[in-house]
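Report on the structure given below.
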């Protein structure tokens, strides 16, 4: 079979390939039929040149054209949904329904439509007008954005379909998508539809481009190239930090979503009040998608007492009994096994492990529940925060409130942190003392709710302090906020009105929200 | 004389000094009397610990207390203005009036008061509420901020008094000020007043701390310390980039304002229409403060014709005749001389040079006007963009529009870019073709106005693409925008209302602007 072409400058063309690869079906460990290229630098170079030209053209275009593209693209995805879901299922082993067809695909098209609305509306630019001094500014596109999508959301975070893609495009930037190598086919189907929608909407043909894989060196060269505006990366910490070094050195913004253990503190009153319900909520959250979520609750902190021991025992029993899910790749399995082994070597007790053997044809690892003490955690907190990406979680048992506080003080940056408390107020005083110690370490603080749901809301923060992400001021989910990562601030000082971009002129025919002389208004300046 | 103490944790205490230094009077080249410490790491460490504790306390405090501090501080500065101006004059040789007393000091106190208003108002937090999903977010303080101020604005960009300081404090962050070593005494006077105001306003005593100097290694360790939230740096490119490497590696945001040649394009119609006026405007801008402005117009692009030759000749004559100003330090003079020598070696013609000799007791360099061709510029554009920080500027003469465009395409990131055009429209078509080629390279685009005025306006952008700054999405001047550099995004998901920060609760008693369900409002949620 021929090697699949790459998408550069509006054409599917043969890659200048330095090698090839195939994806695997995680449910069978067998390689899939299609062969994909590992691009040499000349592919990257051609994509960069085309993207830079596309950006010059997009700068002069309208938010309306971009919105049209995003909406048509969403429609096209829906028309091809069955094929996309089938291929994503083959490449990831995620269930077609409900996961891929009923949850992730609608989330993807909804996100694209929210991005379309933001691009059309224009308020994301935060147009700011000082009438007295005649100084006007707004955020606008930053330039071609490289998107490196993760393995665990082939649709909603896919390089050519997901959150970073939607945000970058809506802000007026061409995207160079680097497929996640675990699902190149799914990404290809998206890019095929994107290209059709680009042409239909009259956008520059290099608005969406696709490469499947490069060498590490070329990846680093890509994100630091002068033609690039910024990069969005979701994936492993080690690969992400290498890209960050390269991008930082070149002064190119790079937004990373790396790792997170997502601490959950369950206070005594909550356990006393609704233990069974909590067991169910935790189980559903921690084993969903075989635990392969950025916001998977990987660390649960409780205070030792009879009820919390019962809570843990009940969770453990359910862990053992729960079906063992399939993992995305051999790499995920190896990494999870290594993390569990590391914690066991450090003294973690294994409270539960479900069945999963090498006799299984699929990639899997037993549902694993670990326990350690707060004292141990505090003594080597970096080790105990090893991310267990997959179907495993660690309970940290504290003797008392003081030990819980010590654990919280030592947390690295996380995407989320949760505190469960009782509804009648018996935990309130404890909450008030502990929450301020958890808050600085997490991007999103939840009450009485597991962290795995990440709503596409303007108020969402899917971000957090380093090393959860590369910059605690930004979110990767939620519009228009996610677009600000891919935006530059542009100011016009004493510029004649007819030369201003439309959003900064006196008249505001579309009623866009703007900040004029210190007040938000939808009126004219 | 005793070594001056440092300000750590609310007390002026003896530094653990690794050495000492004195500032010089640039007008006499003589060292000033006071001896200042070069802090060893233990000083930095103590300041970091105190700042982290102060931040924990500030997080729980109110914007009102911070506003009170900033206002009292501004008042105290005004009461001590004469002493501050006298010492700044000794340390910088800037004229007391109008520069220091009538321009920079009022700008400084005005900026502090604008920061106070922003802290009190709270709208800078961009509170965002999704009522349906009960998800709420806001920007809030990021943690202790290290401020490295530049040599050229001892008051308005001073480490303990200027723009970065005001923005960091207003956003709720303690500041560790690292004095610019050319004006330690001025910075000390500010810190003395700041400490009094901190105590008067009841803020944590380590809200403002001051170190005078560290080794390069300790500076790098400081900006990358886990206790730090972020860093603001204004100064030389080489020192700034070293700090950036260290901060980036630790995942700590660092905002740099480095270098900028601030291109000015003067179109033919403008020269034909108002040549004399342009000569005057350019002269005033380029020689103001002996050219030691971040936004000094260091590169002027014109199309070769009789009128532009006359324009250049008239500028040259005025350059020769203008008094030669005093430079801030021996380093500024050396760096300027080296830059001019480099351009001369590359073929720049010297059109004008005023008088200044080593017989002068002061630091000075002749007002120097250079000329090159666009062809030469294009052939080695990096070299020709060597920043001449001081009283020098380079004219680039293009044969035609095409050559102007080629020069613009090769510009590095700049803070500003200007285009002068005639008022009757004869330059309009040319403007429309050239402006899009200038726009991506500059943070602020001006028409018919020199770039040296940087108004403290909400619409200002004192920022720009790398290497002018470290991130093109942010401004260092203008409130509240400058505060967003020193802010983290915090989200509350399903958090019970009484546990929310006041700005995210349903009631909005102060009428703060908030984004609720997609619309800006001053009402309740």
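Assuming a viscosity of 1.002 mPa s and a temperature of 20 °C, what translational diffusion coefficient in µm² per second does Stokes-Einstein assign to the stretch B:344-393, Rh being the Kirkwood radius over Cα pairs? Intermediate values should be presented prior to the final figure.
Working: Rh = 12.2 Å.
So the translational diffusion coefficient is about 176 µm²/s.
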For the stretch B:91-239, restrict the atom set to alpha-carbon positions and state the Rg and Dmax in Å.
-> 16.8, 60
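Out of every Cα pair in chain B, what percent are spaced more than 47 Å from each other?
Numbers: 19444 of 137550 pairs.
Roughly 14 percent, rounded to a whole number.
How would you rank B:56, B:221, going from fewest to most other Cβ atoms within 10 Å of each one's own Cβ? Display every interim value, and only then the final one.
On the way: B:56 15, B:221 18.
The most exposed by this proxy come first: B:56, B:221.
Using only alpha carbon pairs under 8 Å that are at least six residues apart, calculate the relative contact order of the stretch A:263-447 and give it in whole percent.
Numbers: 332 pairs, mean separation 54.4, N = 185.
So the answer I get is 29 percent.
With contacts defined as alpha carbon pairs under 8 Å and 6 or more residues apart, what's the relative contact order of chain A in percent?
17 percent
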Hey, if you drop one equal point scatterer on each alpha-carbon of the stretch A:376-420 and run the Debye formula without solvent, what base-10 log of I(q)/I(0) do you get at q = 0.25, 0.28 Å⁻¹?
-> -1.14, -1.34
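Among DSSP beta bridges whose residues both lie in chain B, state the antiparallel percentage, nearest 5. Intermediate values should be presented prior to the final figure.
On the way: 28 of 71 bridges.
Here the share of antiparallel DSSP bridges comes out near 40 percent.
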Specify the angular offset, from 0 to 90 degrees and rounded to the nearest 10, of the alpha carbon long axis of helix A:237-249 from the longest principal axis of the alpha carbons in chain A.
-> 40 degrees
How large is log10 I(q)/I(0) at q = 0.10, 0.14 Å⁻¹ when the Debye formula is applied to the Cα atoms of the stretch B:371-516, each weighted equally and without solvent?
-> -0.52, -0.80
Gap separating the Cα centres of the stretch B:52-117 and the stretch A:252-321, nearest whole Å = 49 Å
Give the nm distances, rounded to one decimal, from residue B:406 to the matching residue in every other copy, measuring between label points 7 Å along Cα toward the beta carbon; shortest first.
-> 7.0
Average other protein chain Cβ within 10 Å of Cβ, residues A:514-521 = 4
Inter-copy distances for residue B:426, nm, shortest first, label points 7 Å along Cα→Cβ, are 8.8
Cα-based helix-to-principal-axis angle, B:63-79 vs chain B, degrees rounded to 10 | 50 degrees
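On average, how much area does the Cα convex hull of the stretch B:263-447 cover when viewed from any direction, in nm²? Don't skip to the end; give the middle numbers.
Working: hull surface 38.1 nm².
For the stretch B:263-447, the mean projected area of the Cα convex hull comes to 9.5 nm².
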For A:461-467, mean number of other protein chain Cβ atoms within 10 Å = 5
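Take every DSSP beta bridge whose two residues both sit in the protein assembly as shown, then give the antiparallel share in percent to the nearest 5. Please report the intermediate quantities before stating the final value.
Details: 56 of 148 bridges.
Restricted to the protein assembly as shown, the bridges split so that about 40 percent are antiparallel.
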Going by how many other Cβ atoms sit within 10 Å of their own, how do A:12, A:484, B:384 line up, fewest first?
-> A:12, A:484, B:384
FRET efficiency for residue B:306 and residue B:383, Cβ-Cβ distance as r, R0 = 22 Å, nearest 0.05?
-> 0.15
Across all Cα atoms of the stretch A:442-505, Rg and the largest Cα-Cα distance (Dmax), in Å, are 17.0, 54
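Let me make sure I get this right: for the stretch A:50-160, a, b and c are the square roots of the gyration tensor eigenvalues over alpha carbons, sorted descending. Under 1.5 in a/c it's rounded, otherwise prolate if a/b > b/c, else oblate. Which is it?
prolate
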Label point 7 Å beyond Cα of residue A:196 along Cβ direction - residues of the stretch A:54-73 with amide nitrogen under 16 Å = A:69-73
Sorted by Cβ neighbour density within 10 Å, fewest at the top, the residues B:288, B:483 | B:288, B:483
Angle between the Cα long axis of helix B:81-92 and the longest principal axis of chain B, 0 to 90 degrees, nearest 10?
-> 50 degrees
Whole-number D in µm² s⁻¹ for the protein assembly as shown, Kirkwood Cα-pair radius fed into Stokes-Einstein, 20 °C, 1.002 mPa s | 71 µm²/s
Copies compared at residue A:277 - label distances in nm, ascending, label defined 7 Å from Cα in the Cβ direction = 7.4
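Only the coordinates and a few stated rules stand behind these numbers; no lab work does. Every value quoted in this text rests on a predicted model; they were computed, and no experiment measured them. Here Cβ is always computed from backbone atoms with ideal geometry, including for glycine, and neighbour counts include all displayed protein chains.
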